[in-house]
Amino acid sequence: MTTSALNVARKTHLSTIVASPDSLFRKRVLQQLAARNCFAEEACGGAEALALIQEGACRSLLLDQSLPDLDAGELVAMIRAHHPQVEILVLDSQGGKGARGGDLDSYPDSSELFCLLQNSREPRIPTEFPDPLERPVPRGPESTGDNIEVLPGMTGHSPSLHRVYRLARLVAPRQTTVLLTGETGTGKELVARALHALSPRRERPFVIINCAAIPEPLLEAELFGYNRGAFTGAFQSRVGRIQMAQGGTVLLDEVGDLPLSMQAKLLRFLQEGEVQRLGSSDTVRVDSRVIAATNANLTRLVKEGRFRDDLYYRLAVFPIEIDPLRLRREDIAPLSAHFLALFSQEAHTPAKTFSPPAARALEQYSWPGNVRELRQVIERAFILAEEQQELRPEHFP
């Protein structure tokens, strides 16, 4: 189905929302909804689900009781107070019992879920719409099919990225802490930069702190700074990186690698908005927005005792999940064309193209390194092609 056709369907019919931080759990529920011909939207947390409901195109909500950002009970009470037309079924992605449902494996036979799906069942797509397997036609970098502008510095028009664009633009003007999750190379830093660029803080510093790249003994000094004489070699005082972002945004990249001792100090900053330099008893007020990014499963780390649950809830106020490239293959072609044009421009050469077999090979590959790997592979192929105007399969590893 084309994107415009899907938009018409969404605006005409009410849909079901599946809200859970567990992507596999969402996928399993969505498959069951699809089997019953139900339109469905997915949300990574309670805030995203509430935003979808406020758009007015929701009849039923399948809500995971284990939310990363909001208390499920409070969210249910809020929805019932302001959106009483929405049917709610609370599920449990951990395999226990929900408020009105059982474990996931019993849902196909659950009469309660069946009644809910009956209420949200939609007619099949009219036959005059294009083939459901037809790929959406790219509309250029300025907007998606839903007239949601692409984030600055990003390329792609898959439904998955469309959700990222919408959520990012929704939260960018606020001071809310954002947690970006996804595999290495999916573009978390690009989304973070876009959040900063679209915020009222855009004229202030954007500071990146790679929590995995700084040795643990130096981490506290790098984050919070130190006074002269605080330790051997501290010949002069230094401002920490968090304070460098005064008035702006700080990106805590690979935050899942923070040692537990530093997690407690970071939590204090998030709670109090204050930092204390090494060797000083004074605290300094810092006004900087925090964006965290990780390729780790923080909920699993919390259960294993390797990540503080109170810090997790402070960081995951507004989670945004970025899917791997293998799950959004419709983005491979525009990304490839973008990188190829970029390398041609940098080399001051006529624009190169992909041969049809090369284009097919790119779309069929699984891309374990995601967008970062795609860029590197195309750059290498561009160099190997030398003066040839067409990149062929032999130019790729």
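Bear in mind that the values in this text are calculations on the coordinates, not laboratory data. Predicted model, so just to flag it, every value in this text is computed and none were measured. Virtual Cβ from ideal backbone geometry, glycine too; neighbours counted across all protein chains shown.
Sort the following peptides by mean Cβ neighbour count (other Cβ atoms within 10 Å, averaged over residues), highest first: 179-190, 277-288.
Final packing ranking: 179-190, 277-288.
Residue by residue, what Karplus-based ³J(HN,Hα) values in Hz, rounded to whole numbers, does segment 307-314 have, using 6.51, -1.76 and 1.60 with θ = phi - 60° and x for Gly and Pro?
9, 5, 5, 5, 5, 4, 5, 5
Go through segment 340-357 residue by residue and turn each phi into a ³J(HN,Hα) via Karplus (6.51, -1.76, 1.60, θ = phi - 60°); whole Hz please, and just put x for glycine and proline.
3J(HN,Hα) across segment 340-357, in whole Hz: 5, 5, 5, 5, 5, 5, 5, 8, 6, 10, x, 4, 8, 9, 9, 5, x, x.
On the Cα set of segment 326-395, report Rg and Dmax in Å, please.
Values for segment 326-395 (Cα only, Rg and Dmax): 11.3, 34 Å.
Find out how many positive minus negative residues lie around G225, taking Lys and Arg as positive, Asp and Glu as negative, among other residues whose Cβ is under 13 Å from that of G225.
+1
Counting only residues 5 or more places away or on other chains, whose amide H sits under 5 Å from the amide H of A43 once H atoms are built in the peptide plane?
So A43 has HN proximity to V18, A19, S20.
In whole Hz and in residue order, list the ³J(HN,Hα) couplings for segment 379-387 that follow from phi through the Karplus curve 6.51 cos²θ - 1.76 cosθ + 1.60, θ = phi - 60°; x for Gly and Pro.
These are the phi-based 3J(HN,Hα) values: 5, 5, 5, 4, 5, 5, 6, 6, 8 Hz.
Within 10 Å, count the other beta carbons around each residue, average over each peptide in 171-177, 218-224, and list them highest first.
Top of the packing list down: 218-224, 171-177.
Could you sort 251-262, 347-358, 377-388 so that the peptide with the highest average Cβ count within 10 Å comes first and the rest follow in order?
The most tightly packed comes first, giving 251-262, 377-388, 347-358.
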